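What follows is a single structure, written as structure tokens, with notes after it.
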């Protein structure tokens with residue numbers, strides 16, 4: 001069964017269209033990165049998936065309509081929508097008690113173990129925690145839930161490098177298994193590239209890329225072209241060209257690797273490079 | 001049957017090793033409200049503390065008394081104590097009403113203002129549970145807390161009065177006659193229950209506005225009924241709505257719940273330039289308790305129906321609510 005299946009998913013706020021008829025299917029056991037510039041519709045898409053907003057079109061999450069069936073869906077789905085959503089008045093111990101009291105798949109000992117690795121005091125109120133601690137607390141709560149679908153919207157915002165690394169490691173090692181599905185959005189694309197099994201680009205409410213990382217690696221090629229070969233490279237219809245330290249870097253979609261190797265150093269682009277090539281261009285040279 | 005078997009096999013296929021813990025979303029939702037809105041129990045406690053303090057001061061403040069304890073007049077003290085019992089009930093009940101109204105106006109507004117609605121909605125708690133738990137806190141939990149605090153405070157007053165009389169060499173027996181105390185407690189309990197039912201449409205309205213308003217729910221909660229009354233007056237030349245609202249808010253409850261021809265509007269009346277309380281009131285009110293009359297008052301049922309409709313609308317609305 002697909003974890004998420006969307007057909008013609010559409011959402012508009014007045015005249016502005018946040019999602020313009022998006023189709024996608026996320027199979028169980030995948031880790032999908034949903035990447036897009038600000039205002040691309042990522043958050044709207046996730047909100048629709050989580051039953052937080054009504055939508056047009058068809059959307060099934062774990063076989064349910066998320067908007068009509070949110071509370072049942074939430075037994076099997078958990079999410080961090082934004083780091084700022086824990087209520088400021090709640091105490092750490094109360095938050096743990098509450099989630100333990102209402103969530104059938106919450107493992108209290110797991111949450112306590114996560115918290116033990118932080119310097120968060122149980123008696124603190126959320127408003128007294130630093131931004132990083134807030135995220136750690138939220139992650140401790142969410143990671144202790146045995147969910148089938150985990151949605152992370154900018155999960156590591158405000159965390160330092162060490163904790164971010166630790167977070168993604170524990171996501172992969174402790175949390176992920178092939179019965180779970182994870183959807184992540186973040187602007188720190190480089191950090192999650194090695195974690196993902198699939199990547200989706202969203203731009204102006206449309207899905208502009210939806211491919212697995214294996215496809216990504218075979219399809220896209222980046223070549224650092226020797227100066228004398230620049231004209232030849234341009235003749236092969238690259239998607240994108242940029243200059244780094246006076247050298248030209250070309251990005252190709254489905255090109256012949258052998259042919260490209262003759263022009264310069266060939267490598268797999270990063271998701272960030274492809275993102276800039278596909279979306280940065282459409283937003284003008286200023287980016 | 002088919003659906004059930006299918007679900008079961010699906011669950012098996014998923015192979016979740018964790019057995020599902022038993023959850024009590026309603027219970028925890030209520031506790032959550034008491035964590036967030038501490039005024040629900042702190043305000044009546046503070047009111048009780050102030051009354052106790054004023055009682056202690058006044059027990060020693062007897063006219064002409066330099067030798068305070070020696071000049072205690074037993075009858076006067078009893079009257080003072082009885083007055084304080086009633087005052088405790090009235091003051092704490094009024095405090096509670098004010099706190100509950102603010103609580104309702106805040107109940108579904110603050111979670112949108114501080115964006116925590118996203119956290120609450122990330123948990124398997126239905127909108128029905130959330131909304132009804134708030135109405136339950138406003139109409140049942142808060143009155144119960146007040147009731148407990150009133151009874152405890154009255155007991156403390158009784159003990160202090162007894163101690164003062166005993167020290168003064170008097171006999172405190174009159175204070176402990178169980179009849180009036182029991183009657184007063186029952187009157188209080190009945191009043192709180194009847195009030196919860198009687199005011200339910202107002203509380204449901206306030207909770208509805210707190211879910212609906214994008215800003216200043218307090219303003220909207222008052223403005224909309226005021227505008228409706230004004231509209232009715234100008235467009236139709238009638239004042240049915242105004243009369244109905246006034247009747248319910250001002251004296252309707254006493255008329256509906258107690259079989260009394262005319263209850264004094266103010267339990268506290270001026271007498272000899274001094275505040276004193278209607279001494280015989282608990283007994284009179286106890287005899288006037290009329291459950292049948294209350295339950296056969298059509299306004300009670302109309303009010304409950306309005307409360308139910310507003311609550312249903314609030315549940316529906318919360319499904320569409322997002323952070324402000």
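The values are calculated or read from the model by the stated rules, or taken from the named source; none is laboratory data. All of these numbers come straight from a predicted model, not from anything done at the bench. Cβ sites come from the backbone with ideal geometry, for glycine too, and all protein chains shown count toward neighbours.
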Going by the structure shown, is residue A:88 outside the structural domain of residue A:272 (by TED's automatic domain parsing) and surrounded by fewer than 19 Cβ atoms within 10 Å (Cβ to Cβ)?
yes
Quick one: is residue B:173 more than 22 Å from residue B:47 (Cβ to Cβ), modelled with pLDDT under 90 and in a helix (DSSP H, G or I)?
yes
Residue A:190: in contact (Cβ under 8 Å) with a residue 60 or more places away in the chain and loosely packed, with under 15 Cβ neighbours inside 10 Å, yes or no?
yes
Sort through A:29, A:36 and tell me the only one that's within 24 Å of residue A:193 (Cβ to Cβ) and either surrounded by fewer than 18 Cβ atoms within 10 Å (Cβ to Cβ) or not assigned by TED's automatic domain parsing to the domain that holds residue A:156 (or both).
A:29
Report, by residue number, each residue of the range A:193-206 that is over 14 Å from the mean Cα position of the chain (by Cα) and either buried (at least 22 other Cβ atoms within 10 Å of the Cβ) or in a helix (DSSP H, G or I) (or both).
A:205
Only one of (1) modelled with pLDDT under 90; (2) within 14 Å of chain A (Cβ to nearest Cβ) does not apply to residue B:34, and that is (1)
Considering only the range A:107-145, state which residues are crowded, with 21+ Cβ neighbours inside 10 Å, in a loop (DSSP other than H, G, I, E, B) and at the interface with chain B (Cβ under 10 Å from one of its Cβ atoms).
none
Could you list all residues from the range A:68-91 that are more than 14 Å from residue B:120 (Cα to Cα) and out of contact with any strand residue (DSSP E or B) (no Cβ under 8 Å at 6 or more places or on another chain)?
A:68, A:69
Test residue B:243 against the criterion of being surrounded by fewer than 18 Cβ atoms within 10 Å (Cβ to Cβ) and in a loop (DSSP other than H, G, I, E, B), and give yes or no.
no
Helices (runs of 4 or more DSSP H) within the range B:79-148 that include 1 or more residues surrounded by fewer than 20 Cβ atoms within 10 Å (Cβ to Cβ), more than 14 Å from chain A (Cβ to nearest Cβ) and at negative phi
B:127-136
Residue B:221 vs. criteria over 17 Å from the mean Cα position of the chain (by Cα) and exposed (fewer than 14 other Cβ atoms within 10 Å of the Cβ):
no
